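Report on the following structure.
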Amino acid sequence: MTTALVQSPLRHLDITTVSEAARAESRRRETHLPPVSAFRWWARRTESVVGALIEAFNIDHPGRLSIADPFAGGGTIAFAGAMRGHQVYAQEINPWAATGLAVAMSLPTSERIRTAKEELEQRARDLLRDAYEVDGRVMLRTLRVVRGQCPTCQRDNYLYPTGLVSLIHRVDAGGSIGWVACPAGHLSQGPTSRRHRCGTCRRLIDPTERRTKGKAIKCWNCRRTVPIRELISREWEVVLIESTTADGREIRLPTQKEKALADSSRWQPKLRLGPIPKGDETAQLIRAGFNTWDDLYPRRQAFVIESLLSVAHDIGQDDEQIHR
């Protein structure tokens, strides 16, 4: 492809407009491009950018284009091309992405999806309320961190990757205050742009400090640098909750009731997903203590997902009978 051919579409692009559209899309991808909700992908580009490039190219080369994406991944190029009526060739070696893209490209009509969604909400209402509602507030998300004992002094250490744990509001919404953790693991709200003292123990908090660099952590008590794999009794602990409020949502410390509900023994998933195979991309998971794919899911989340899949299967069977 010549340099002129590569550069020609760019003169048709309004970079500011495309950037603003991409920024808005990245906040709520499922609204701007609904099929992306069909499967998760960790490196999906925005349709706003891809679509703008296709349209710009189409100005100089009118008609139905043939678009090839040999590394389809999250499928954004395929979606952008197909929704504009072009011929698309997409392939991907990862079976998860290939299957997900095939499903997303063959979704039923929006009306059938809407009807199924309403049915799913109705049948799952009690399950979701029991799993995520406490004292009238609905838990939307739980943030957990590993807690492990130092083998030298037996004090608990929290494996926060950095001093900043979570922003209160997104950066693009003006967020500059967040939940930060001191070296001893105490959480508090504070500025994300400068160092300050912990309100509980007065230790210095550096929001930008990397705590688990080199797969090790410096014990806040005895100051020994300990490989993470040597920490004793490593457990995941709920440390923050995102929940609903009258005005929207908030990120806050969990109540004891919410912690107890998250870790209740009533959540007993039945599916077994098998061991995580050794490989370049899975090595980090194995080093972090995940031995099976089941380990990636908290028990409550796995139980709820299993239950929802069962309900969705029943709804699908009913829908199939209706449309025969």
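Take the conditions (1) touching a helix residue (DSSP H, G or I) at 6+ places or on another chain (Cβ under 9 Å); (2) open to solvent by 50 Å² or more (accessible area, probe 1.4 Å); Lys117 misses just one of them, which is (1).
Here Cys222 does not fit the description of being more than 25 Å from Arg300 (Cβ to Cβ), without any contact (Cβ under 8 Å) to a residue 24 or more places away in the chain and hydrophobic (A, V, I, L, M, F, W, C).
When Leu261 is tested against the conditions (1) open to solvent by 30 Å² or more (accessible area, probe 1.4 Å); (2) modelled with pLDDT of 95 or more, the lone failure is (1). Can you find even one residue in region 124-145 that is part of a strand (DSSP E or B), of a type outside the set (A, V, I, L, M), open to solvent by 40 Å² or more (accessible area, probe 1.4 Å) and more than 30 Å from Ile205 (Cα to Cα)? Yes: one or more hits. When region 215-232 is filtered for residues that are open to solvent by 20 Å² or more (accessible area, probe 1.4 Å) and either over 14 Å from Gly185 (Cα atoms) or of a type outside the set (A, V, I, L, M, F, W, C) (or both), the ones remaining, listed by number, are Lys215, Lys218, Asn221, Cys222, Arg223, Arg224, Thr225, Pro227, Ile228, Arg229, Glu230, Ile232. Filtered by the rule that a residue be part of a loop (DSSP other than H, G, I, E, B), under 22 Å from Arg28 (Cα atoms) and open to solvent by 50 Å² or more (accessible area, probe 1.4 Å), region 42-87 gives Trp42, Arg45, Arg84. In region 55-74, the condition of being under 30 Å from Thr282 (Cβ atoms) and touching a residue at least 40 places away in the same chain (Cβ under 8 Å) is met by no residue.
Can you tell me which of Glu235, Glu242, Glu250 is open to solvent by 70 Å² or more (accessible area, probe 1.4 Å), in a strand (DSSP E or B) and within 30 Å of Ala131 (Cα to Cα)?
Exactly one residue qualifies, and that residue is Glu235.
Note on region 161-204: residues that are closer than 28 Å to Arg27 by Cβ, open to solvent by less than 40 Å² (accessible area, probe 1.4 Å) and outside any loop (DSSP other than H, G, I, E, B) amount to 10.
Could you check, for region 193-205, whether at least one of its residues is modelled with pLDDT of 90 or more, of a type in the set (D, E, K, R) and within 30 Å of Gly289 (Cβ to Cβ)? Within region 193-205, one or more residues are modelled with pLDDT of 90 or more, of a type in the set (D, E, K, R) and within 30 Å of Gly289 (Cβ to Cβ).
The values are calculated or read from the model by the stated rules, or taken from the named source; none is laboratory data. Predicted model, so just to flag it, every value in this text is computed and none were measured. Using ideal geometry, Cβ is built from the backbone for each residue, glycine included, and neighbour counts are taken over all protein chains shown. Quick note on the areas: whole protein, heavy atoms, side chains included, nothing else; ligands and nucleic acids left out. Shrake-Rupley method; radii C 1.70, N 1.55, O 1.52, S 1.80 Å.
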